[in-house]
Amino acid sequence: MGTRCIGVTLVECLVVMALIAICAGLALPAWRDALRAQQVRAAGEALEDGLRQARLHALRRGSFVRMCPGGEAGDCRRAGRWEQGWVLLGEPVAGSGEAPVLGVGPAWPGVRIDGDAALAQGAGFDAGGWPRRPGGALLMGRWRVCPQGGGAGREFVMSAAGRLRSAAVDCPPPH
């Protein structure tokens, strides 16, 4: 009686490896799109959360609170871009002139967050929770949260009452 070896041949192993490579190649674009969509969703939720925090701090403190883009602690004059993060600043403390930092938002690599001209330097809420500019003028505006290379994104619109609504948008690739 002869002995028989149990195992796989080199050809069988190569066929299985080729099938795995084909399946991975087909799944990769869908996985990348899902990852981009999740980044956009998370950045949008963080932006909404930051605005809610700013409004809540204004109501609790009974004073103006500002949300500035760029994450530069203590100064809204050197505002950066919204995807670099943001900082929540209270009214400057009497005597020192320094604004207390009430919160800091995360940076979002791979995501582009564009605010319209009204929001380029930030958003603020007065003591009653109404969106205002530092001089007291009414503030309304919109943010667009997009993947870095373009594609499906979200647009957030802040009304004169401070309410946010969002909708899906198609983001063009950057120039």
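Cβ crowding within 10 Å, taken as a proxy for footprinting-reagent exposure, orders I6, I22 from fewest neighbours to most as I6, I22.
Ratio of Rg to Rh for the chain, alpha carbon only, Kirkwood? Numbers along the way, then the final one.
Details: Rg = 24.4 Å, Rh = 18.6 Å.
With Rh from the inverse mean 1/r over Cα pairs, Rg/Rh is 1.31.
Subtract the Cα-Cα distance of C23 and V93 from 0.36 nm times their separation in residues, and report this length gain in nm to one decimal. Each step should come with its number before you reach the end.
On the way: separation 70, 0.36 × 70 = 25.20 nm, distance 6.04 nm.
So the chain would gain 19.2 nm between C23 and V93.
Just so you know, the Cα atoms of region 79-131 work out to an Rg and Dmax of 13.0, 41 Å. The convex hull drawn around the Cα atoms of region 10-54, when projected onto a plane and averaged over every direction, covers 3.6 nm². If you add up the charges near V65, with Lys and Arg at +1 and Asp and Glu at -1, over every other residue whose beta carbon is less than 12 angstrom from its beta carbon, what do you get? Around V65, the surrounding residues sum to +4. With respect to the chain, whose longest principal axis is taken over its alpha-carbon atoms, helix 10-61 is tilted by about 10°. Here, P(r) means the percent of Cα pairs in each 10 Å bin from 0 to the largest distance; for region 129-170 it is 29, 39, 23, 8.
Computed from the Cα positions only, the extents of region 96-170 along the three principal axes stand at 44, 27, 18 Å, in decreasing order. Across the options G50, P173, P106, the greatest Cα extent toward the positive end of the charge dipole of the chain (unit charges at beta carbon of Lys, Arg, Asp, Glu) belongs to G50.
Read-outs throughout are calculated quantities, based only on the coordinates presented, and are distinct from any laboratory measurement. On a predicted model such as this, the values are computed, not experimentally measured, just so you know. Quick reminder, even Gly has a Cβ in these numbers, built from the backbone with ideal geometry, and neighbours come from all protein chains shown.
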